[in-house]
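Enquirer: One structure follows; several queries about it will come next.
The values are calculated or read from the model by the stated rules, or taken from the named source; none is laboratory data. Because the structure is a prediction, the values reported are computed rather than measured. Neighbour counts run over all protein chains shown; Cβ positions are idealised from the backbone, glycine included. Surface accessibility is based on the protein's heavy atoms, side chains included, excluding ligands, DNA and RNA. Shrake-Rupley method; radii C 1.70, N 1.55, O 1.52, S 1.80 Å.
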Amino acid sequence: MSWSVVVELAAAAWPTTMRVAWRAARRAVLVPTLQLAVYVCVAMSLMLFVERLYMALVVAWLWLLRRRGRGRGRRHRSRDEEEDDDDDLEANAVQRPMVLVQIPMFNEKQVYRLSIGAACGMTWPSDKLLIQVLDDSTEPAIREMVELECSRWAAKGVFIRYENRRNRSGYKAGAMRDGLRKPYVRDCDLVAVFDADFQPDADFLLRTVPLLQADPTLALVQARWRFVNADECLLTRIQEMSLDYHFLVEQEVGSNCHAFFGFNGTAGVWRLRALEDAGGWKERTTVEDMDLAVRASLRGWRFVYAGHVAVRNELPSTLRAYRYQQHRWSCGPANLFRKMFREVLASARVSPWKKLHLLYAFFFVRKVVAHLVTFVFYCVVIPACVLAGGDVRLPKYVALYVPAVITLLNAACTPRSWHLLIFWILFENVMSMHRSKATVIGLLEASRANEWVVTEKLGKTATVVVVDKKQQHVTRKKTSGGGSGVHMAEMVLGACLLYCAVYDIAFGRDHFYIYLLLQSAAAFIVGFGYVGT
């Protein structure tokens with residue numbers, strides 16, 4: 001037999017050999033691996049479902065108690081009592097604790113005047129209120145404007161101090177830590193923290209400080225956020241839905257059932273003694289606020305969420321600003337979970353029930369599982385099952401009914417946006433790709449684990465300052481909103497989902513193509529940058 005004949009026979013047999021090898025690999029490796037991934041995602045989905053259902057039942061129970069007039073207790077004081085406090089303010093000034101208000105900011109040209117003005121306008125005895133503006137701005141013109149604003153309020157008799165550091169060690173946590181070391185702070189009992197875009201109402205201290213005065217074991221009173229630009233665009237409406245659930249459900253349940261929740265970094269009042277007992281501010285993660293809350297809880301301190309007190313603030317309205325923010329909010333908690341796992345287990349002052357809540361519910365389910373299962377299950381595993389045909393068993397109740405119930409529980413907190421529910425689901429699924437990546441980076445403490453982004457709000461362009469806490473360097477990026485730029489990760493995701501949808505139309509039987517087409521369209525819209533202002 002000649003060599004040419006052998007080559008021709010081999011070439012003819014090659015497609016058959018490839019098909020046999022592919023079928024063998026598919027049956028022995030791919031299908032079992034995909035089936036295992038389905039079971040893991042089902043388990044994570046049920047964990048998230050049980051956690052959400054538990055919190056919904058607790059919130060419903062609290063609502064019933066308050067309807068009967070027994071739920072407010074000592075935490076929720078009536079409006080009449082608050083008005084009496086206002087009337088007797090100067091008369092009872094001797095009994096009022098000394099309150100320090102810290103306003104950390106960094107190149108906040110657009111919002112510094114609003115935050116300083118709101119803080120200086122709070123109702124409290126003038127000799128018991130100290131405003132501390134911690135300005136880490138690197139732009140000389142902005143530093144001059146902020147200092148001038150502080151001087152203007154000081155001329156009106158407000159006890160306000162302007163602090164600017166030449167060394168930005170520790171960034172926000174470092175600024176607040178250095179501010180607490182000033183000699184004039186020694187007489188303060190409490191410290192209220194407001195980020196540069198937060199504007200407390202005049203009666204904020206009247207409605208929060210009495211809670212700390214009434215209970216010496218209380219370390220923190222956290223107020224709710226109220227968004228001044230929620231109606232600006234679809235992106236801000238979607239953010240409002242997610243954050244309303246966080247405040248109205250997660251924080252409420254943590255406060256009432258465990259006396260613990262994550263400090264939101266702003267719109268809260270701390271007892272200085274508790275803050276010092278917990279070790280003060282540390283910059284070991286990008287969520288120094290959550291780090292402080294966990295350490296204080298391990299020292300036996302309790303927290304209260306004052307949902308009846310709302311503080312105005314602004315949501316990021318550009319896609320790039322929102323993506324940077326979500327990276328920090330996803331990476332930081334995962335990294336803190338890694339750092340504090342053993343410390344929580346070894347704590348002698350915390351009950352097993354509270355340890356379970358901290359490690360399982362607060363960190364693992366909400367900060368790890370919630371991000372991973374959303375992306376892996378709905379953007380990877382389900383499309384892969386479509387390509388696998390009927391060889392992989394996919395429980396329909398987990399793929400359809402469980403996420404539907406979770407979504408409805410989330411949407412119940414923002415009734416005015418129920419008509420945006422489909423958009424919220426699709427957008428959250430796309431964002432889960434970035435959140436999952438950030439979560440893995442935090443767990444592994446890989447590169448970008450210590451990246452902290454400060455975004456200047458308000459304006460047609462946003463200056464994003466990328467800060468690496470380990471390398472101690474600052475990189476400036478100029479971003480614009482709306483449709484500028486193409487995001488390749490979202491484009492690739494959209495293309496893959498579109499292929500799976502077309503395949504399901506041609507060969508599938510479960511009509512997953514309806515979801516896949518919608519999700520693909522959402523990925524392309526985000527990929528082209530047509531989200532936000």
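Enquirer: Can you compute the modelled spin-label distance between Ala348 and Asp189, with each label point 7 Å from Cα toward Cβ, in nm?
Expert: 3.1 nm
Enquirer: Working with all protein chains in place, sort Cys496, Cys331, Cys257 by solvent-accessible area computed with a 1.4 Å probe, largest first.
Expert: These residues rank, largest area first, as Cys496, Cys257, Cys331.
Enquirer: May I ask for the net charge around Ala438, where only other residues with Cβ less than 9 Å from the Cβ of Ala438 are counted and Lys, Arg are +1 while Asp, Glu are -1?
Expert: +4
Enquirer: Sticking with this one: Given the DSSP H assignment, sum -39500 (n - 2.57) over each helix run of at least 4 residues in the chain and divide by its residue total; what's the result at 222 nm in deg cm²/dmol, nearest 500?
Expert: Mean residue ellipticity at 222 nm (helix-derived): -16000 deg cm²/dmol.
Enquirer: Still on this structure, I have one more. In sequence order, what are the phi-derived ³J(HN,Hα) couplings for the range 212-220 according to the Karplus relation 6.51 cos²θ - 1.76 cosθ + 1.60 with θ = phi - 60°, rounded to whole Hz, with x for glycine and proline?
Expert: Each residue of the range 212-220 in turn: 6, 5, 6, 9, x, 8, 8, 9, 9 Hz.
Enquirer: Let me ask you something else. If each residue of separation counts as 0.36 nm, what is the full-extension length gain between Ala154 and Arg299 once their alpha-carbon separation is subtracted?
Expert: 48.4 nm
Enquirer: Here's a follow-up. Under a Cβ-Cβ cut-off of 13 Å, what is the net charge of the residues other than Tyr515 that fall near it, where Lys and Arg count +1 and Asp and Glu count -1?
Expert: Net of charged neighbours comes to -1.
Enquirer: How much of the DSSP beta bridge set in the chain is antiparallel, as a percent to the nearest 5?
Expert: Given both bridge residues lie in the chain, the antiparallel proportion sits at roughly 45 percent.
Enquirer: Right, another one. Suppose each label sits 7 Å from its Cα in the direction of the beta carbon; what would the Lys355-Tyr39 distance come out to in nanometres?
Expert: Taking the two extended label points, one gets 3.0 nm.
Enquirer: Under a 5 Å amide H to amide H cut-off, with H placed in plane at 1.01 Å, what residues pair with Met122 once short-range neighbours are removed?
Expert: Residues meeting the amide H criterion: none.
Enquirer: Step through the table entries Lys128/Lys182; Lys282/Lys354; Lys128/Lys156, compare each Cα-Cα distance with 20 Å, and write down the pairs that go over it.
Expert: Lys282/Lys354
Enquirer: Still on this model: Which entries of Lys172/Lys355; Lys339/Lys437; Lys172/Lys367 have Cα-Cα distances beyond 25 Å here?
Expert: Lys172/Lys355
Enquirer: Just add up the charged neighbours of Arg52: K/R +1, D/E -1, any other residue whose Cβ is under 15 Å from the Cβ of Arg52.
Expert: Local net charge: -3.
Enquirer: Moving on. Over the chain, consider all pairs of different Cα atoms and compute the Kirkwood hydrodynamic radius from their mean reciprocal separation; express it in Å, one decimal.
Expert: The answer is 25.4 Å.
Enquirer: Taking a quarter of the surface of the convex hull around the Cα atoms of the range 282-329, what do you get in nm²?
Expert: Orientation-averaged projected area of the Cα hull: 4.9 nm².
Enquirer: Just the number please: accessible area per residue for the chain, 1.4 Å probe, all protein chains included, in Å².
Expert: Using a 1.4 Å probe on heavy atoms only, each residue of the chain averages 45 Å².
Enquirer: Then there is this: Can you figure out the FRET efficiency of Asp215 with Trp63, using R₀ = 30 Å and their beta-carbon distance, to the nearest 0.05?
Expert: So the FRET efficiency works out to roughly 0.80.
Enquirer: Now for a different question. Quick one: pull the percentage of alpha-carbon pairs in the range 99-174 with a separation above 15 Å.
Expert: 51 percent
Enquirer: Between the range 191-240 and the range 357-406, how many Å separate their Cα centres?
Expert: With the range 191-240 and the range 357-406 each reduced to a Cα centre, they are spaced 33 Å.
Enquirer: What angle do you read, to the nearest 10 degrees and between 0 and 90, between the alpha-carbon axis of helix 140-155 and the longest principal axis of the chain?
Expert: 40 degrees
Enquirer: Something else: Rg and Dmax of the range 383-428 over Cα atoms: what are they, in angstrom?
Expert: 13.9, 43
Enquirer: Quick one: Kirkwood hydrodynamic radius for the range 108-241, alpha-carbon pairs, angstrom, one decimal?
Expert: So the Kirkwood estimate lands at 16.6 Å.
Enquirer: Now a separate question. Using a Förster radius of 35 Å, what is the FRET efficiency between Asp127 and Arg166 based on their Cβ-Cβ separation? Nearest 0.05, please.
Expert: It comes to 0.65.
Enquirer: Past the 22 angstrom mark, what percentage of all C-alpha to C-alpha distances in the range 214-311 do you count?
Expert: For the range 214-311, the fraction of Cα-Cα distances above 22 Å is 32 percent.
Enquirer: Read phi for every residue in the range 361-369 and hand back ³J(HN,Hα) as whole Hz from Karplus 6.51 cos²θ - 1.76 cosθ + 1.60, θ = phi - 60°, with x for Gly and Pro.
Expert: Residue by residue, the range 361-369 yields 6, 5, 8, 5, 6, 7, 9, 10, 4 Hz.
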